[in-house]
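Readers should treat all values here as calculations from the given coordinates under stated rules, not as data from a laboratory. The structure displayed is predicted, hence computed values, not measured ones. Cβ placement follows ideal geometry from the backbone for every residue including glycine, while neighbour counts extend to all protein chains displayed.
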Amino acid sequence: MNQQILRADFADPRLEEFLGEHLADMLATSPPESVHALDLAGLDRPSVRMWVLYDDGVLAATGALASVEPGHEELKSMRTRAAFRGRGLARRMLRHLVADACERGIGRLSLETGTEDYFAPARAFYASEGFAACEPFGAYELDPNSVFMTRELLVVAEAS
C-alpha cells in the first residue's frame with residue numbers, strides 16, 4: 001500500500017466531492033446550527049493549513065489546522081472515507097497535524113465534535129491521543145450538541 005500525506009490542492013475536484021460528503025454527513029447527524037464543518041471555500045484560506053492522505057492514489061482522509069489565536073489552533077475536517085476506516089489513517093493524519101503544529105511553535109490544539117452516538121468513536125479516538133474535555137474556545141459558545149476538547153503540545157525551543 002502506497003500512502004502519502006500532501007498539502008491539499010483546492011483545485012482538485014476530488015477534494016470538493018470528499019468535503020461535500022463530509023458536510024452531508026454532518027448535516028444528517030446534527031442540527032444545522034450545530035454543524036461547524038467548513039466547506040471548500042472555508043478551508044481555502046491563509047489561516048488554514050489542510051492536508052490530504054492518498055492511499056494508492058485514492059483520496060482517503062483529510063485534516064486541517066485553523067488558527068484560533070497565536071499559539072492555538074483548531075483541528076478541522078478530520079475525516080476518513082468510510083471504505084478506509086479502521087486502518088489507522090486518522091491516527092496517522094492527526095499525528096502529522098500535531099507534528100506540523102509543534103514544528104511551528106503551536107502550544108495548543110483544540111477541536112469541536114458532536115455529542116451524538118455517531119461521534120462516540122471520534123471522541124474516544126481524540127481522548128486516546130491526549131485530548132481532554134474543555135470549555136468552548138475561540139468563537140464557539142456552549143452548545144448541547146457540541147463537545148470541546150483540547151491538548152497542550154510540547155513546543156521545543158530552538159537552540160540559540
* For every helix of n ≥ 4 consecutive DSSP H residues, a contribution of -39,500 (n - 2.57) applies; sum these over the chain, divide by its total residues, and give [θ] at 222 nm rounded to the nearest 500 deg cm²/dmol. => -8500 deg cm²/dmol
* Structure fact -> Pseudo-spin-label distance ARG87 to TYR54, built 7 Å along Cα→Cβ, given in nm, is 1.5 nm
* FRET E, pair HIS96, ASP117, Förster distance 22 Å, beta-carbon r, rounded to 0.05 -> 0.20
* To do: Convert each backbone phi in region 7-18 into a coupling constant with the Karplus relation 6.51 cos²θ - 1.76 cosθ + 1.60 (shift: θ = phi - 60°), then list the ³J(HN,Hα) values in order as whole Hz, x for Gly and Pro.
  => 4, 5, 9, 5, 8, 6, x, 5, 5, 4, 5, 4
* Structure fact -> For SER146, the residues 5 or more places away or on another chain with a placed amide H closer than 5 Å to its own amide H are THR115
* To do: Tabulate in residue order the Karplus-calculated ³J(HN,Hα) for region 142-154, using 6.51 cos²θ - 1.76 cosθ + 1.60 with θ = phi - 60°, rounded to whole Hz; enter x for Gly and Pro.
  => 3, 8, x, 9, 10, 10, 10, 9, 8, 8, 7, 10, 7
* To do: Can you pull a Stokes-Einstein diffusion coefficient for the chain at 20 °C (1.002 mPa s), Rh from Kirkwood over Cα pairs, as a whole number of µm²/s?
  => 133 µm²/s
* Given H placed on each backbone N at 1.01 Å, which residues far from PHE10 in sequence or on other chains put an amide H within less than 5 Å of it? -> none
* Check ARG81: other-chain or 5+ apart residues with amide H under 5 Å from its amide H, H built from backbone geometry? -> ALA61
